[in-house]
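Engineer: Below you'll find the structure I mean.
The values are calculated or read from the model by the stated rules, or taken from the named source; none is laboratory data. Keep in mind that what you see is a predicted model, and the values were worked out from it rather than measured. Methodologically, a virtual Cβ is constructed for each residue, glycine included, from the backbone with ideal geometry; neighbour enumeration extends over all protein chains shown. Just the protein is used for accessible areas: all its heavy atoms, side chains included, with ligands, DNA and RNA removed. Shrake-Rupley method; radii C 1.70, N 1.55, O 1.52, S 1.80 Å.
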Amino acid sequence: MRRLIFAIVLLLAIIFVFTRMANLEEVVRTVQRGDLRWILLAVLVHGMALGCIGLQLRAVYRVLGMQESAGRLMLVAVASSFFTVITSSGAWGSLAVFVGDGRRRGLPTGRVTVAAAMYFLYDFVAALAVIGLGLIVLLRRNRLEGGELAAAALLVAYAVVLAVWLYLGFRAPDRLGHLLETAGRWINRLLRPI
């Protein structure tokens, strides 16, 4: 069954590449016209950002009593980001990547879950800081509308829910486990026909 799913995904990826060939050619032309110094600077800054993610995750893992290398955690974070983009599942799909990697490496699943949740919370807080600055700029220019406020409110609500779950996990891990198990069962029932 896994081979069939892998073959279908591979076939869909090939079809996607062939149907988007014009877009790929446009990207190549854009890069060719670009200034090589700026492109290399962008690659360097992106590499530094990925390194910072690895260091941040290593610090979170160490606080929770787990020893992992920053490079390894950076690769897990990149894989989880890729999974999130492909599945459009928010942090939930990424959490599965962290937990799966932790299981393969013999790390406690609960601690890995908390580490990933803390990483996502930090990520949301950083994004909310940038969004807050953007909202201030829009407000000063009299261009702030309801759509921007609604989107920011959704992100704040998601970050608050994540923070509450982390707090609940810290204070009453059994209750959090029961809550997540119930939510998982409900989601599985809802999505089983699909």
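Engineer: Lys/Arg Cβ at +1, Asp/Glu Cβ at -1, dipole of the chain taken about the Cα centre: which of Leu133, Phe98, Ala150 is farthest positive-ward?
Structural biologist: Highest projection toward the positive end goes to Phe98.
Engineer: Considering the dipole of the chain built from charges on the beta carbon (Lys and Arg +1, Asp and Glu -1) around the Cα centre, which of Leu107, Ala13, Ala79 is farthest to its positive end?
Structural biologist: Positive-end residue among those listed: Leu107.
Engineer: Please turn the phi angles of the range 54-68 into ³J(HN,Hα) values with the Karplus equation 6.51 cos²θ - 1.76 cosθ + 1.60 (θ = phi - 60°), one per residue in order, whole Hz, x for glycine and proline.
Structural biologist: Taking θ as phi minus 60°, the curve returns x, 5, 5, 5, 4, 5, 5, 4, 5, 4, 8, x, 10, 10, 9 Hz for the range 54-68.
Engineer: Tell me the accessible surface of Leu176 in square angstrom (1.4 angstrom probe, heavy atoms of protein chains only), to the nearest ten.
Structural biologist: 30
Engineer: May I pose another question? Would you look at the GNM of the chain, springs on alpha carbons closer than 10 Å, and say which of Val137, Val63, Val99 moves the most?
Structural biologist: Of Val137, Val63, Val99, the most mobile in the Gaussian network model is Val137.
Engineer: Then there is this: Which of Thr84, Thr182, Thr19 moves the most in a Gaussian network model of the chain with Cα springs under 10 Å?
Structural biologist: In the Gaussian network model the winner is Thr19.
Engineer: Now, a different point. State the percentage of accessible surface on the range 10-52 attributable to carbon and sulfur atoms; use a 1.4 Å probe and exclude ligands, DNA and RNA.
Structural biologist: Accessible surface attributable to carbon and sulfur in the range 10-52 totals 76 percent.
Engineer: Each residue of the range 126-142 in order: what ³J(HN,Hα) in whole Hz does its phi give by Karplus 6.51 cos²θ - 1.76 cosθ + 1.60, θ = phi - 60°, with x for Gly and Pro?
Structural biologist: 5, 5, 5, 5, 5, 4, x, 4, x, 5, 5, 4, 4, 5, 5, 8, 6
Engineer: Here is a follow-up. Of Trp165, Trp186, which has the most accessible area with a 1.4 Å probe, and how do the rest follow in descending order? Working shown, then result.
Structural biologist: On the way: Trp165 70, Trp186 155 Å².
Descending accessible area places them as Trp186, Trp165.
Engineer: Treat each spin label as a single point 7 Å out from the Cα along the C-beta direction, and report the Tyr122 to Leu168 distance in nm.
Structural biologist: 2.4
Engineer: OK, next. Mind giving me the FRET efficiency for Thr30 and Leu139? R0 is 41 Å, r the Cβ-Cβ distance, nearest 0.05 is fine. Let's see the in-between values first.
Structural biologist: Details: r = 34 Å, r/R0 = 0.82.
Calculated value: 0.75.
Engineer: Still on this structure: Using label points projected 7 Å from each Cα along Cα→Cβ, tell me how many nm separate Ile14 and Arg104, to one decimal.
Structural biologist: My value for the distance between the label points is 2.5 nm.
Engineer: Would you calculate the separation in nanometres between label points at Phe6 and Ala22, each defined as 7 Å from the Cα along the Cα-to-beta-carbon direction?
Structural biologist: A separation of 3.5 nm, rounded to one decimal place.
Engineer: Sorted by accessible area (1.4 Å probe), largest first, how do Met74, Met66 line up?
Structural biologist: Details: Met74 50, Met66 5 Å².
Result of the area sort, largest leading: Met74, Met66.
Engineer: Also, quick follow-up: Could you compute how much accessible surface Tyr158 exposes when probed at 1.4 Å, giving the result in Å² to the nearest 10?
Structural biologist: Looks like 80 Å² after rounding.
Engineer: Another question, then. Rounded to the nearest 0.05, what FRET efficiency is calculated for Arg185 and Val161 with R0 set to 22 Å and r the Cβ-Cβ distance? Mind showing how you got there, number by number?
Structural biologist: Numbers: r = 19 Å, r/R0 = 0.85.
Rounded to the nearest 0.05, the efficiency is 0.70.
Engineer: Kindly report, to the nearest 10 Å², the accessible surface of Val85 as traced by a 1.4 Å probe over protein heavy atoms only.
Structural biologist: Its heavy atoms expose roughly 110 Å² to the probe.
Engineer: Still on this structure, please answer the following. Find the Cα radius of gyration of the range 19-157, compare it with 2.2 N^0.38 Å by division, and give the number to two decimals. Spell out each step's value before the answer.
Structural biologist: Details: Rg = 18.6 Å, N = 139, 2.2 N^0.38 = 14.3 Å.
Relative to the 2.2 N^0.38 Å estimate, the range 19-157 comes out at 1.29.
Engineer: Which residue fluctuates the most in the chain, going by a Gaussian network model with Cα springs under 10 Å, if the choices are Leu133, Leu107, Leu73?
Structural biologist: Most flexible of the set in this elastic network: Leu133.
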